[in-house]
Amino acid sequence: MEPLTEQRPASHPITPDGRYFVVRGRLWRATNPALPRDVEHGLVSELMAARRAVREAVGDTGEITLARNRVEAAKIALGERGEPWWDDGAPDFNRRLVKNTPYSDWFATLDG
C-alpha cells in the first residue's frame, strides 16, 4: 500500500533520502515509509486524538501526562521518534539544525 506521506503535498522540504523534512531550519524525522497505509492512518488518527486530549486536559496533570504519553507512543510507532526506521547505520539527525548536519549543502541549494 502507498504510504500517506507520499500522498501529501510537501509543504516543507524533504531531504533527498526521505528521512527528514525541514521546518524553520530544523530537521524532523519523517514517518516510516514502510508502514502500510492503513496502519499509518490509524496511528495518525491516534496522534491527533492524543494531541486533542493534551489540549483538553487543562489543569489536570494526570490527564496531561497520560495524553502526552499517548502522543509519544504514536510518534514512536510512526517512526518519528525513538530508534530510526532505517537500518543502514546512518546517524539520526532528528531535531538538529540542518546547517549543522550533512544535509546543509542540499538545504543551501533550495529556494527561499
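For this structure, a couple of remarks:
- Qualifying position, being among the polar types (S, T, N, Q) and at pLDDT below 95, among T65, T61, T31, T15: T61
- Subset tally (residues that are touching a residue at least 60 places away in the same chain (Cβ under 8 Å) and exposed (fewer than 11 other Cβ atoms within 10 Å of the Cβ)) for the range 96-108: 0
- Meets criteria (among the hydrophobic types (A, V, I, L, M, F, W, C), in contact with a Phe, Trp or Tyr (Cβ under 6 Å, 6 or more places away or on another chain) and either at negative phi or surrounded by 15 or more Cβ atoms within 10 Å (Cβ to Cβ) (or both)) for I14: yes
- Restricting attention to the range 65-95, the residues that are surrounded by fewer than 16 Cβ atoms within 10 Å (Cβ to Cβ) and small (G, A, S) total 3.
- Wholly within the range 18-112, helices (runs of 4 or more DSSP H) carrying at least 3 residues that are of a type in the set (K, R): 37-56, 61-78
- Residues located in the range 56-73, provided they are basic (K, R) and closer than 11 Å to E46 by Cβ: R70
- Test: residue in the range 28-49 that is in contact (Cβ under 8 Å) with a residue 60 or more places away in the chain, within 14 Å of the chain's Cα centre (by Cα) and closer than 25 Å to D92 by Cα: yes
The values are calculated or read from the model by the stated rules, or taken from the named source; none is laboratory data. Small disclaimer: the values here were computed from a predicted structure and weren't measured. Quick reminder, even Gly has a Cβ in these numbers, built from the backbone with ideal geometry, and neighbours come from all protein chains shown.
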